[in-house]
Amino acid sequence: MEIWKNKVYKFYTNFVFKNGLLKYPLDILEICKKMNINIIEYDDSSKCCYISKDGFSKFKNDKYYIFLNKNNSNNRKKFTISHELGHIILNHFKDNEPLIAHCNIDEQKEWEANMFARLLLAPPHITYKLDKKEISKKLKISKQMSDIVFEYRKMDYNNLIDKVPKAYFKINI
């Protein structure tokens, strides 16, 4: 397995247990609030859309900000926030990059943030035995996200089973 995937699994499990995220579906906005990450919404007419039509994150004055297009669906916003949270947790700002947006970041970091969001929104130990519809319904994620989770759930489960504390498998919906 690629080294970057192991990194994401490690950061994800550390984040889940450090923050006591043991009940799903998660309240992503509450997580950001506890982490003192400001969510700033913009609309389709904003100049922010030139940076990203979905969202992006910024680090300024020792504080993180997630910019979010308020015109997107709630499920899309939830994924975008989780993705941007992934950039923050995975230390993508360590390279003195003040702005993380798809237009200015390497593809590897985008894959990592997507994987982090997937794991965060739909933990593989929960999704492992569910079908696509159940994943979407129980975890309150979009059908598109459910399809992606379904595709990776066995790989994620198999890669986490020996790497996480037994308490992880007690996380429930």
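Average projection, convex hull of the Cα set of the chain: 9.6 square nanometres. Peptides 109-119, 123-133 ordered by packing proxy, namely the average of other Cβ atoms within 10 Å per residue, highest first: 109-119, 123-133. Cβ-Cβ distance of LYS5 and ASN61, R₀ of 25 Å, FRET efficiency by 1/(1 + (r/R0)^6): the value works out to about 0.15.
Listed by number, the DSSP H helices of the chain that run 20 Å or longer by alpha-carbon position along their axis and have mean Kyte hydropathy of at least -1.0 are 3-18, 74-89, 107-121, 143-160. Here the peptides 64-70, 4-10 are ranked by packing, the mean other Cβ count within 10 Å, and the order with the highest first is 64-70, 4-10.
Could you look at segment 3-72 and say what percent of its accessible area is carbon and sulfur, using a 1.4 Å probe and all protein chains?
50
Here the Karplus curve 6.51 cos²θ - 1.76 cosθ + 1.60, taken at θ = phi - 60°, turns the phi angles of segment 25-42 into couplings of x, 6, 9, 4, 5, 5, 4, 4, 4, 5, 8, 6, 9, 7, 9, 10, 8, 9 Hz, with x standing for Gly and Pro. Normalised per residue, the accessible area of the chain is 56 Å², obtained with a 1.4 Å probe and no contribution from ligands, DNA or RNA. For segment 49-56, 3J(HN,Hα) computed residue by residue from phi via the Karplus equation (6.51, -1.76, 1.60; θ = phi - 60°) reads 5, 5, 7, 7, 6, 9, x, 7 Hz, glycine and proline entered as x.
Computed over segment 1-74, the alpha-carbon pair-distance distribution with 10 angstrom bins reads 16, 35, 37, 12, 0, each value a whole percent.
The values are calculated or read from the model by the stated rules, or taken from the named source; none is laboratory data. Treat the numbers as computed from the prediction; the structure is a model and nothing was measured. Virtual Cβ from ideal backbone geometry, glycine too; neighbours counted across all protein chains shown. When the accessible area is computed, the model is the full protein with side chains, heavy atoms only, and any ligands, DNA or RNA have been set aside. Shrake-Rupley method; radii C 1.70, N 1.55, O 1.52, S 1.80 Å.
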